[in-house]
Amino acid sequence: MKRLLRSLCPAVTMATALLATGACTVDSSERPLTVFAASSMTEVMQELALAFERERAGTRVRFNHAGSQVLRLQIERGAAADVFVSANREHAESLAGAGFADRVTPVAHNELVLVVPLENPAGLNTFADLVRADRIVIADPAVPAGQYTAALLSRAEEVMAESFGTRVLARVVSRENNVRLARAKVELGEADAAIIYRSDALSGARVRAIEIPLDVNVRAEYVAAVISDSSHHEQARAFVEFMLSVGGQAIFERHGFSAGVAS
């Protein structure tokens with residue numbers, strides 16, 4: 001299934017491309033391999049791309065990073081993509097079910113952590129201390145990180161002190177569209193704490209991570225799918241396979257992710 005915007009010239013921005021009708025043409029074989037990947041994968045994807053390009057001379061990889069739900073919508077509306085890497089399975093399987101993408105493959109896992117400013121003015125040292133914070137930031141329920149956070153707080157409501165999850169939610173001052181924005185609130189001193197992915201805590205220089213107990217934490221699954229009408233289908237499949245290779249998985253682990261093939 002060929003979609004409308006495959007013929008748009010590369011000077012058209014992604015946002016404009018979603019509305020344009022396409023008045024110019026470009027040879028799709030000259031376009032780089034385009035990977036739509038969740039915002040929380042920004043740094044790890046850059047390193048994966050460099051390693052992949054070294055292995056396959058002449059290959060170029062470019063990225064479009066946003067919330068997984070935004071990327072899914074862009075693809076559904078015709079944005080030119082070759083690979084979709086989502087922070088949860090639901091969005092990728094929705095695309096596959098509608099014929100936009102091929103088989104969905106787990107490539108990595110992540111966990112949630114609590115982050116506080118380096119100065120830690122609220123004096124939070126454990127996850128249980130979170131109920132003492134005045135300003136908490138979490139991800140919006142519309143994005144995968146927000147859904148994982150909701151599941152985490154639901155578990156905490158059952159396992160930890162009475163009404164723990166409810167008390168935490170009462171102190172939430174902002175719900176952000178991605179975990180990078182949540183982390184930024186803490187880095188700028190606009191929040192006492194935020195719940196974000198472990199990988200994003202590692203890449204943040206001005207935050208300190210606090211572990212969340214295993215009995216309440218949740219595991220985030222990242223999955224990849226090749227877009228069905230990709231003009232670089234062979235390269236797209238090779239990129240997914242590279243993410244699953246020993247070298248690819250080692251790159252994920254350096255950035256705070258865990259193996260995609262783990263149970």
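What follows draws every value from the coordinates through simple rules; no lab data is involved. Worth saying up front: this structure is predicted, and the values here are computed from it rather than measured. Because the Cβ atoms are built from the backbone with ideal geometry, glycine has one as well, and the counts that use them run over all protein chains shown.
Computed from backbone phi with θ = phi - 60° and the Karplus coefficients 6.51, -1.76 and 1.60, the 3J(HN,Hα) list for segment 152-157 is 4, 5, 5, 5, 4, 4 Hz; x is used for glycine and proline.
Report summary: the helix-based calculation at 222 nm, which adds -39500 (n - 2.57) for every DSSP H run with n ≥ 4 and divides by the residues of the chain, gives -10000 deg cm²/dmol. Classify segment 110-219 as rounded, prolate or oblate, taking a ≥ b ≥ c as the square roots of the eigenvalues of its Cα gyration tensor: rounded when a/c is under 1.5, otherwise prolate if a/b is larger than b/c and oblate if not. Rounded. Each Lys or Arg adds one and each Asp or Glu takes one away; over the other residues whose Cβ falls under 11 Å from the Cβ of residue 254, this sums to -3. With contacts taken as Cα pairs under 8 Å at a separation of at least 6 residues, the chain carries a relative contact order of 27 percent.
Give me the Debye-computed log₁₀ of I(q)/I(0) at q = 0.12, 0.19 Å⁻¹ for segment 25-114, equal point scatterers on Cα only, no solvent, two decimals. Taken in order of the listed q values, log10 I(q)/I(0) reads -0.39, -0.95.
Counting each pair of different Cα atoms once, what's the Kirkwood radius of the chain in Å, rounded to one decimal? Mean inverse Cα-Cα distance, inverted, gives 19.2 Å.
When only alpha carbons are used to place a centre, segment 121-152 and segment 39-78 end up 28 Å from one another.
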